[in-house]
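To keep things clear, I will list the structure first and then write my remarks on it.
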Amino acid sequence: MSAKPKDMEALFVFFNEIGIIAQLSGNAFEKAMPDGMTLAQFSVLNHLCRLGDGWTPHRIARAMQVTKGAMTGTLKHLEGKGLVVITPDATDGRAKRVHITDEGRAMRNACVGSMAPMMQELLTEFQPSDIAGALPVLAAVRAWLDQRRS
């Protein structure tokens, strides 16, 4: 079954809107974050808080879809700020493991908190139920795309 042109156009507009939202929200978030935190640094802290720590830099880079070199730079900044600790892997001396510190968890929470004013303002314009209603579709599309990435 071939997709109709209007369905293809709607799908393009859907992804275009997501991209624009990601760009605008990312810029707003980065401006609001404390202590010179970047979106890349926050993303790593958030990832480790959500999914647990002890990941290799390579696995984090793959999850974030960035190069290992880019992730190495981000992790060095986080380690320099005392937000993560990078240790040798106990089973593979060549590999390393990344662990979030208590300070890293606190920074992640401070970053989330820094967005509270914008989120409060957003809730004056949009009903929480409308936002919640969009989540299942967004989560399903994310999962579908995640299963197909290389």
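The values are calculated or read from the model by the stated rules, or taken from the named source; none is laboratory data. Remember, predicted model here, so these are calculated numbers, not experimental data. Reconstructed Cβ throughout: ideal geometry from the backbone, glycine too, with neighbour counts over all protein chains shown.
Tell me yes or no: at least one residue of region 101-115 is among the hydroxyl-bearing types (Ser, Thr, Tyr), modelled with pLDDT of 95 or more and in contact with a Leu (Cβ under 7 Å, 6 or more places away or on another chain). Yes. If we scan region 108-117, do we find a residue that is surrounded by 12 or more Cβ atoms within 10 Å (Cβ to Cβ), within 25 Å of residue 19 (Cα to Cα) and in contact with a Cys (Cβ under 8 Å, 6 or more places away or on another chain)? Yes, region 108-117 contains at least one residue that is surrounded by 12 or more Cβ atoms within 10 Å (Cβ to Cβ), within 25 Å of residue 19 (Cα to Cα) and in contact with a Cys (Cβ under 8 Å, 6 or more places away or on another chain). Exactly one residue out of 38, 67, 72, 56 is among the hydroxyl-bearing types (Ser, Thr, Tyr) and in contact with a strand residue (DSSP E or B) (Cβ under 8 Å, 6 or more places away or on another chain), and it is 56.
Reported count of residues in region 47-66, each being among the polar types (S, T, N, Q) and either more than 15 Å from the chain's Cα centre (by Cα) or surrounded by 15 or more Cβ atoms within 10 Å (Cβ to Cβ) (or both), is 1. Taken as a whole, the structure places residue 100 among residues that are among the β-branched types (Val, Ile, Thr) and farther than 20 Å from residue 146 by Cα. Just to verify a result, which residue in region 67-100, among those that are among the β-branched types (Val, Ile, Thr) and free of Cβ contacts under 8 Å to residues at least 40 places away in the same chain, is surrounded by the fewest Cβ atoms within 10 Å (Cβ to Cβ)? Here the residue is 91.
Among the residues of region 123-142, write down those that are closer than 29 Å to residue 63 by Cα and surrounded by 10 or more Cβ atoms within 10 Å (Cβ to Cβ). Result: 131, 133, 134, 137, 138, 139, 140, 141, 142.
Restricting attention to region 1-12, the residues that are surrounded by fewer than 10 Cβ atoms within 10 Å (Cβ to Cβ), aliphatic (A, V, I, L, M) and part of a helix (DSSP H, G or I) add up to 0.
For region 28-37, the set of residues classified as without any contact (Cβ under 8 Å) to a residue 24 or more places away in the chain and either surrounded by 15 or more Cβ atoms within 10 Å (Cβ to Cβ) or of a type in the set (Ser, Thr, Tyr) (or both) consists of 30 only. Only residues that are in a helix (DSSP H, G or I) and either closer than 15 Å to residue 84 by Cα or among the aliphatic types (A, V, I, L, M) (or both) were counted across region 13-60, and they come to 23.
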